[in-house]
1. If you check every pair at least six apart or on different chains, which have Cβ atoms under 7 Å apart with a residue in the range 310-329 that is surrounded by fewer than 24 Cβ atoms within 10 Å (Cβ to Cβ) and in a strand (DSSP E or B) first and a residue that is of a type in the set (D, E) and modelled with pLDDT of 95 or more second?
2. Kindly indicate which of D111, D66, D61 is under 21 Å from N22 (Cβ atoms), open to solvent by 40 Å² or more (accessible area, probe 1.4 Å) and acidic (D, E).
3. If D210 meets every condition in (1) in contact with a helix residue (DSSP H, G or I) (Cβ under 8 Å, 6 or more places away or on another chain); (2) surrounded by fewer than 16 Cβ atoms within 10 Å (Cβ to Cβ) apart from one, which number is that one?
4. Within the range 332-418, which strands (runs of 3 or more DSSP E) (wholly inside it) include 2 or more residues that are aliphatic (A, V, I, L, M), within 19 Å of V261 (Cα to Cα) and in contact with a Pro (Cβ under 9 Å, 6 or more places away or on another chain)?
5. Within the range 79-94, work out how many residues are in a helix (DSSP H, G or I), more than 16 Å from V261 (Cβ to Cβ) and of a type outside the set (A, V, I, L, M).
6. Looking only at the range 177-207, how many residues end up being open to solvent by less than 60 Å² (accessible area, probe 1.4 Å), in a strand (DSSP E or B) and in contact (Cβ under 8 Å) with a residue 60 or more places away in the chain?
7. Kindly indicate whether V166 is assigned to a strand (DSSP E or B), open to solvent by 30 Å² or more (accessible area, probe 1.4 Å) and aliphatic (A, V, I, L, M).
8. Mind checking whether some residue in the range 357-365 is open to solvent by 50 Å² or more (accessible area, probe 1.4 Å) and within 18 Å of K130 (Cβ to Cβ)?
Amino acid sequence: MPLTKSWVTSANSATHPFPLNNLPYGVFSVDGDDPRCGVAIGDMILDMQAAEETGLIQLSDAPLFDVPYWNDLMEEGPAVWTALRNRLTALLSEGSAEQGKVEPLLVPATDAELHMPFAVSEYTDFYAGKNHAFNVGTMFRGPENALPPNWLHIPIGYNGRASSVVVSGTDVRRPWGQLKGPNDETPRWAPCARFDIELEMGAIVGTPSDGPITVQEADDHIFGYVLLNDWSARDIQAWEYQPLGPFQAKATANTISPWIVTKTALEPFRCDTPGREVELLDHLKDCGPMLYDIDLEVTMAPEGKEATTIARTNYKEMYYSAAQQLAHHTTSGCPMNAGDLLGSGTISGPTKESRGSLLELSWGGKEPLTLDTGEERSFIADGDTLTLKGAAKGDGYTIGFGDCTGTVLPALENPYAR
């Protein structure tokens, strides 16, 4: 599919992340006004609340865009999702007869502040990238026991905190926690010293379910995707995670990119999951291309200094797709809601430079990275800004998500000191 041209000329660049082929959904405000839904097109944002109020967009009897989140549209289902995309395409396409009506509703993106694009109902994080799982397992158990016995049979995950999800640009405070090193007799209370990132994609559930669904049905239920940084306190995690898994180590923050890229915009980039080493059970079997060819990268910038790209990889490196993760999530009868967020798990490639976490990049701190500034990092230092970027490259166009960025602030003074 080639570039679809818009009368918003900035949208017609081959490298701009928001062409007419994309039309991602976000929430924005200008000059302290109330946040509202918007659609990115080139360097502009279409005010969806105003478009609905003026009658340019009418999808249901009740308003859908008088709230600062996209959940109301999600709950309308795929037919309405398609109707909106078709209407937006008609309004913004080159030669549109309604250009004069739309132009007053466009806001320069440079004037806008971006907010959480949806209300997160529940949050589940998976461990579904094989290269990452093998690397981490090798560090702690050796290559012969790197993958847990269940890993090739099911997408492993844990239920996280929806309240921990924040939008790009939100500062992240270094957490305190209970730490116990291998040579410590007892644990101690201290700020995290091995703070890390995890490069992930987040799938957003649009259609609710109240019982088991198939992989194909799960794919149909997904509304769109965001970039996701699962900030991770590795030293807190090492002490707390056995036997029940991550808890406080993963509760500091999960940063997402500000724009929801719809599943429809990503259709041209579908690709297959990798070959299976063991046959999956019926409820998880592949039923077509369910992954996406999306280039990903991570940059790190010390305070006041230029950024260094520390990792490059691709979403197609995942072993389990978001549809398989969602389908497995429902097998117990667990209800899924509009606005549920599923983290893919760390996306690492087969080479050192394609590893999606500092834990892997520095191999547990034994092989520090040297940044372009000359500084070394094994884990994140206070003042560092970490940015995740993602783009799918089409025929003369780019589908982008907006940067997913966060700056790490120093830990608070000991909150329990007396």
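The values are calculated or read from the model by the stated rules, or taken from the named source; none is laboratory data. Small disclaimer: the values here were computed from a predicted structure and weren't measured. All Cβ positions, even for glycine, are placed from backbone atoms using ideal geometry, and neighbour counts span all protein chains on display. We work out accessible area using only protein heavy atoms, side chains counted, and drop any ligands, DNA or RNA first. Shrake-Rupley method; radii C 1.70, N 1.55, O 1.52, S 1.80 Å.
1. R312/E297; R312/E353; N314/D293; N314/D295
2. Exactly one residue qualifies, and that residue is D111.
3. Answer for D210: the failing condition is (1).
4. Numbers: elements: 341-343, 385-393, 398-400, 404-409.
Qualifying strands (runs of 3 or more DSSP E): 385-393.
5. In the first step, residues of the range 79-94 are kept if they are in a helix (DSSP H, G or I); the result is 79-92.
Right, trim to more than 16 Å from V261 (Cβ to Cβ) and you get 79-80, 83, 86-87, 90-92.
Adding the requirement that they be of a type outside the set (A, V, I, L, M) leaves 86-87.
Matching residues across the range 79-94 total 2.
6. 12
7. Numbers: assigned to a strand (DSSP E or B): yes; open to solvent by 30 Å² or more (accessible area, probe 1.4 Å): yes; aliphatic (A, V, I, L, M): yes.
Here the answer is yes, as V166 does meet what is asked.
8. Initially, the range 357-365 is screened for residues open to solvent by 50 Å² or more (accessible area, probe 1.4 Å), giving 363.
The next check asks that each one be within 18 Å of K130 (Cβ to Cβ); those that pass are 363.
Yes, some residue in the range 357-365 is open to solvent by 50 Å² or more (accessible area, probe 1.4 Å) and within 18 Å of K130 (Cβ to Cβ).
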